[in-house]
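The values are calculated or read from the model by the stated rules, or taken from the named source; none is laboratory data. Everything numeric in this text was worked out from a predicted model, so none of it was measured. No Cβ is skipped: glycine too gets one built from the backbone with ideal geometry, and neighbour counts run over all protein chains shown.
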Amino acid sequence: MADTLATTGSYQLLGHPADLSGHVRTLGPLPTGSSPAWVDSFWSALGASGLGGRGGAAFPTSLKLGALNRHPGPAVIVVNAMEGEPVSHKDKVLLNRAPHLVLDGALLLAQASGAQRIVVCVPIGRDQVAESVQHALSERDRVAYSTIPVTLVRPPDRFVAGEESALAAWINSGRSLPTHRPDKSIPLRLGKERALVHNAETLAHVAMIGRFGAAAFRSRGLPEEPGTMLITISGAVAHPGVVEVACGTPLRDVVARANPTSELRALLVGGYAGAWVAPHHFVTPYASIPLRTIGASAGVGVVVALGTDQCGVCTTARIARYMASQSAGQCGPCVFGLPAIADDLHQLSAGRTDVQWRDRIERRLTQVDGRGGCRHPDGVVRMVRSALEVFAAEVVAHQAGMSCNDHVDTAVAR
Amino acid sequence: MSAFRITIDPVACDAYGYCAELLPEAITLDEWGYPCVNGNPLPDELLAAAKRAARDCPRRAVTLQAKESAR
């Protein structure tokens, strides 16, 4: 199967059986081992694959493992299925449809790092996902699939609760608070254990690379950003949901998978902490580097389609308000800055701006950018800046007094 | 230029503002009273005042950091 995958470009995460026997029958047994030779070959496959984290930061997975392995002591693998982004559902879908792939990825990383246990984090309220994980774990127990114990924990469902340092803090102390980490190469800790926190989708790719090698992964996607990615599409589309596409698929082809219901005014790419993209950029590949060159960000795999009948300013005001409400409440620039920016946007959408409005919001965006302990405020700043640019015409109209507070917006629904 | 720059731990900071008072050349306050630094190396002549700002912060949020560390 490894050869087939590498040559036919049939690499994919979704579409394999969800039950354990079907999973093993289709994908083959998981390579096991903890010998230095196995660890070396797995690690080099991970490095050669070019896999980057799929939780938003895209940090190379092999480097994260390397940083962990530079520090001695016991270790734990944390499966991050928090998915606090309201318009992202990829990790839910993945854990429902391929839970064993995610668990296999965690298992491989445990073998490669000497971790003695695995913790799976599914937030409170996502009971269906938790049941799917629980069912998968009992299937594995029944056949003694692995000796590494796996526990399922249920942190609170908040936007920042899935930020990796906040997740570690919750497991340690019961409080979902991000910590200030100037040097991210120092591993997070759960008590005395080093913790390796990975997004669920990242782990599913790790499981595929562990089985089929780097070439299979690289048979799809771009040379500099290989593999497939899961993208949640919502908004002005007939068929909202999660799709799996090759990394680097043009935005217009991604959104076409969900059948837009009208002509599109813009796409919100990367989630609420992503950026608005105007139609003349819809040819841009969904990948970090091309998106960065147009001032956007790949973020988590999210595309929200905004129809021409919807107001980008009002939608942005609503998202900014939500993001302000989701601050962990620790850092002044986030606690005071995000509500101030959200207020500015609400004044705009109500058509009640004064002459200093533009200077004030620009100053606040600059003041808040990069000044939190985590990246929560930075994402909001990027999203708002992109809105001021992409919706420049609407901004001018609202500054002239236009108000569309009363219109119904379907693009952003929780 | 010295080998040090100022960093603020935004989680620890509670906007007492002493740092900006002690080192206005390198620390300004935003409209909510929280310190802003530019991340550049400190000139030698400001090093003594910077050490004092770090020492006197009630929240221990001000640090003098050697340029090379921190990613």
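Couple of notes before you dig in:
- Residue within segment A:95-114 that is part of a helix (DSSP H, G or I), modelled with pLDDT of 95 or more and farther than 20 Å from A:P149 by Cβ present: yes
- Residue list for segment A:377-414, filter: part of a loop (DSSP other than H, G, I, E, B) and modelled with pLDDT of 95 or more: A:F391
- Of the strands (runs of 3 or more DSSP E) lying entirely inside segment A:166-245, those containing at least 3 residues that are farther than 23 Å from A:A256 by Cβ are A:188-190, A:193-199.
- Selection count, segment A:353-371, where residues are more than 14 Å from chain B (Cβ to nearest Cβ) and without any contact (Cβ under 8 Å) to a residue 24 or more places away in the chain: 2
- For segment A:250-278, a residue qualifies if it is assigned to a loop (DSSP other than H, G, I, E, B) and surrounded by fewer than 23 Cβ atoms within 10 Å (Cβ to Cβ), and the qualifying residues are A:R257, A:A258, A:N259, A:T261, A:S262, A:E263, A:A278.
- Scope segment A:327-350; condition more than 14 Å from chain B (Cβ to nearest Cβ), touching a residue at least 12 places away in the same chain (Cβ under 8 Å) and surrounded by fewer than 19 Cβ atoms within 10 Å (Cβ to Cβ); matching residues: A:H346, A:A350
- Filtered residues of segment A:214-240 (kept if touching a helix residue (DSSP H, G or I) at 6+ places or on another chain (Cβ under 8 Å), of a type outside the set (S, T, Y) and farther than 16 Å from A:P290 by Cβ): A:A214, A:A215, A:A216, A:F217, A:R218, A:L230, A:I233, A:V237
- Across segment A:175-200, the qualifying residues are those that are away from every other protein chain (no Cβ under 14 Å) and in contact with a helix residue (DSSP H, G or I) (Cβ under 6 Å, 6 or more places away or on another chain), and the one among them that is nearest to A:L30 (Cα to Cα) is A:A200.
- Contact map, segment A:234-253: first residue at positive phi and of a type in the set (D, E), second residue at pLDDT below 95 and crowded, with 17+ Cβ neighbours inside 10 Å, Cβ cut-off under 9 Å, separation 6 or more or different chains; the map is empty.
- Subset of segment B:5-45 that is away from every other protein chain (no Cβ under 14 Å) and touching a residue at least 40 places away in the same chain (Cβ under 8 Å) - its residue that is surrounded by the most Cβ atoms within 10 Å (Cβ to Cβ): B:L42
- Yes/no for A:V120 being buried (at least 22 other Cβ atoms within 10 Å of the Cβ) and out of contact with any Phe, Trp or Tyr (no Cβ under 6 Å at 6 or more places or on another chain): yes
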